[in-house]
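For reference, the structure is listed below as structure tokens.
The values are calculated or read from the model by the stated rules, or taken from the named source; none is laboratory data. Bear in mind the structure is a predicted one, so any value in this text is a computation, not a measurement. Cβ placement follows ideal geometry from the backbone for every residue including glycine, while neighbour counts extend to all protein chains displayed. Please note that ligands, DNA and RNA were not included when accessible areas were found on the heavy atoms of the full protein model with its side chains. Shrake-Rupley method; radii C 1.70, N 1.55, O 1.52, S 1.80 Å.
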Amino acid sequence: MKTANKTVTAVRLVEDALKKAHEFEDYNIFTFIDDEGALARAREIDARIAAGEDVGRLAGVPYALKDNFLTPRGETTASAHILQGFSSPVTATAVEKLEKEGAIMIGRTNLDAFAHGSSTENSYFGPTLNSHDKERVAGGSSGGSAVAVALDIVEFATGTDTGGSIRQPASFNGIYGLKPTYGCISRYGVVAMASSTDCIGFFTKTPDDMNLLMEIASGKDSKDLTTLDDYYNDSEIKKAKKIGVIKDFDNDSVAPEIRKALKDKCDLLKSKGYEIVEVEMPALKYALAAYYIIVPAEITSNLSRYDGVRYGFRSEDSKDLEKLYANTRDEGFMPENKRRIMIGNFVLSSGFYDAYFLKAAKVRTLIVQEYEKAFKACDFLLTPVAPNPAFKLGEKVNDPVAMYLEDMMSVSLNLAGVPGLAIPAGETAEGLTLGLQLVGPRRSDKSLIEFSKELI
Ligand code: GLN
């Protein structure tokens, strides 16, 4: 990562990043660009460097923040109308840790509202465009962050991954994206989507940058009781020998280019002396159905706090309390948010709880067990992230089921809490980027990142 020093100043790094951020405005990457705030912080960092201070491992490094991380700088909207006007009094732990090491946030990036989506088209601010083809989607929900890194505006950006929102846009834009082990990085100060699958992670251009960010951002946080001690409990880099491919994913629903990319990478590994083994994970075919029951159930609960009283937007038409709630939620949520609130309430309702939520919870246990079994047969898995490369804008946005199918290879990791690193894996003939994911057992994040270098 290019850090500031006495010759290359933080101001210079930030000015360059801001210039590019404005140059690429037509991609609709940012919901807010903090020109003044970022430059003021850069000047402060330069003064500390001039005074001989050790500013940190990210001294003066500009970065982009997904707009669902809370900081008092600018509004935190999660790209949703209902949060417009909301300026947070608190700072997310992840942001605190990055900034303590000298990183400088230059802006907040666009996402599907409340991170519900796989294309960034569900944003109140309109879609972000793909970095390789402006007629295609950026992927989602962290589309803005992925494109900010892919277009070299910043060297890293934050993301959240509840069911694929880091890995899929990373693949759609040809960069690295890590969904860490559940609990690696504190979720404190990040707008909650589904608390049992939400993970904080990053987009970078290199594995080493990813490792550095993980070292900085992970660790126990008393404000998030699900956090793990630290990512170094896996300090012994696991020397992988056997890499598994999931037999159940080798089917017609995966685009031929993606199957070829997987085969090419397997051949590369074989040529380096690794053994490729096929593993059967039959419960994975139920992962998507289980995910779209469990996640909306948690969303229903997490979104109930947005009522027009405490945060952001309030409907004009709010003569009595009932109306205030109903109209604010009606006007403030995007259709996809509402769909998930409805599904969530349905699957949790007393008449349907056993048939849906309880069954999905059982499937989740099967998936956890299947991953445990798979990692007895191999060290890591190599699988597609999504069934296809970036699709056209508008192609799936009006067909929720088609959009949900995008997530069929990514969501099982979140249900199991295991880490997944999306890696670049070539391009299609039309120049669209392809991605694959390396999946490891819980807490193997560091080993996965290290191992990914074998696939470059
Ligand atoms: N695409 C998935 C969904 O819409 C995942 C979203 C995410 O990871 N935030 O639920």
Practice problem: Return the aspartates and glutamates within reach of LYS19: Cα separation strictly under 14 angstrom, same-chain partners fewer than 8 residues apart disregarded; answer none if there are no such residues. | Solution: ASP34, ASP35, GLU36, ASP152
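Under 8 Å for C-alpha pairs, at least 6 residues apart: give me the relative contact order for the chain, rounded to a whole percent.
Values: 1112 pairs, mean separation 82.2, N = 456.
That works out to 18 percent.
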Quiz item: Mind listing the phi-derived Karplus ³J(HN,Hα) values for the range 397-407, rounded to whole Hz, using 6.51, -1.76 and 1.60 with θ = phi - 60°, and x for any glycine or proline?
Solution: 5, 9, 10, x, 5, 4, 5, 5, 5, 3, 8
Quiz item: Given 5 Å bins starting at zero, what is the percent of C-alpha pairs of the range 327-456 in each, up to the one with the largest pair distance?
Solution: 2, 8, 13, 15, 17, 15, 13, 10, 5, 2, 0
Quiz item: Per the helix-only calculation at 222 nm, which mean residue ellipticity applies to the chain, given -39500 (n - 2.57) for every DSSP H run of n ≥ 4 and division by its residues, nearest 500 deg cm²/dmol?
Solution: -10500 deg cm²/dmol
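Tell me, what is the per residue accessible area of the range 1-125 in Å², probe radius 1.4 Å?
Numbers: 4710 Å² over 125 residues.
Result: 38 Å² of accessible area for each residue.
Stokes-Einstein at 10 °C, 1.306 mPa s, Kirkwood radius from Cα pairs: D for the range 27-77 in µm² s⁻¹?
On the way: Rh = 12.6 Å.
The Stokes-Einstein estimate is 126 µm²/s.
Using 0.36 nm per residue of separation minus the Cα-Cα distance, give me the extension gain between SER350 and VAL401 in nm, one decimal. The partial results should precede the final answer.
On the way: separation 51, 0.36 × 51 = 18.36 nm, distance 2.52 nm.
Here the answer is 15.8 nm.
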Self-check item: Compactness of the range 164-291 - radius of gyration and Dmax, Cα, Å
Solution: 17.0, 47
Practice problem: Assign one of three labels to the range 274-394, namely rounded, prolate or oblate, based on the Cα gyration tensor with a ≥ b ≥ c the square roots of its eigenvalues; rounded applies when a/c is under 1.5, prolate when it is not and a/b is larger than b/c, and oblate otherwise. | Solution: prolate
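By average Cβ neighbour count within 10 Å, what is the ranking of 6-13, 128-135 from highest down?
Top of the packing list down: 128-135, 6-13.
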Practice problem: Please list, in chain and number order, the residues 5+ apart from THR31 or on another chain whose amide H is under 5 Å from its amide H, with Hs placed from the backbone. | Solution: ARG108, THR109, ASN110
Self-check item: Whole-Hz ³J(HN,Hα) from phi, Karplus 6.51 cos²θ - 1.76 cosθ + 1.60, for the range 63-79, glycine and proline x
Solution: 9, 10, 10, 4, 6, 10, 9, 7, 8, x, 7, x, 7, 9, 10, 6, 6
Quiz prompt | Under 20 Å from the Cα of LYS263 - aspartates and glutamates, other chains or at least 8 residues apart | solution = ASP248, ASP250, ASP252, GLU275, GLU278, GLU280, ASP379, GLU427, GLU430, GLU454
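Can you figure out the FRET efficiency of ASP208 with ASP230, using R₀ = 22 Å and their beta-carbon distance, to the nearest 0.05? Don't jump to the answer; show the numbers that get you there.
Numbers: r = 19 Å, r/R0 = 0.85.
Efficiency for this residue pair is about 0.75.
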Exercise. Grab the Cα-Cα distance for LYS239 and ASP252, subtract it from 0.36 nm times how many residues apart they are, and report the gain in nm with one decimal.
Key: 1.4 nm
Quiz item: Quick one: length gained pulling LYS100 to LYS260 fully straight, 0.36 nm per residue minus the C-alpha distance?
Solution: 53.3 nm
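Over the alpha-carbon set of the chain, divide Rg by the Kirkwood Rh and report the Rg/Rh ratio to two decimals.
Working: Rg = 21.1 Å, Rh = 22.0 Å.
With Rh from the inverse mean 1/r over Cα pairs, Rg/Rh is 0.96.
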Quiz item: Which of LYS238/LYS272; LYS247/LYS359; LYS97/LYS238; LYS205/LYS285 have a Cα-Cα distance over 23 Å?
Solution: LYS247/LYS359; LYS97/LYS238; LYS205/LYS285
Self-check item: In order through the range 121-138: 3J(HN,Hα) via Karplus (6.51 cos²θ - 1.76 cosθ + 1.60), integer Hz, x for Gly, Pro
Solution: 8, 7, 7, 5, 8, x, x, 8, 8, 5, 5, 9, 7, 5, 8, 10, 6, 7
Self-check item: Built amide H within the under 5 Å cut-off of MET105, gap 5+
Solution: TYR63
Practice problem: On the protein heavy atoms, probe 1.4 angstrom, tell me the percent of accessible surface of the chain carried by carbon and sulfur. | Solution: 53
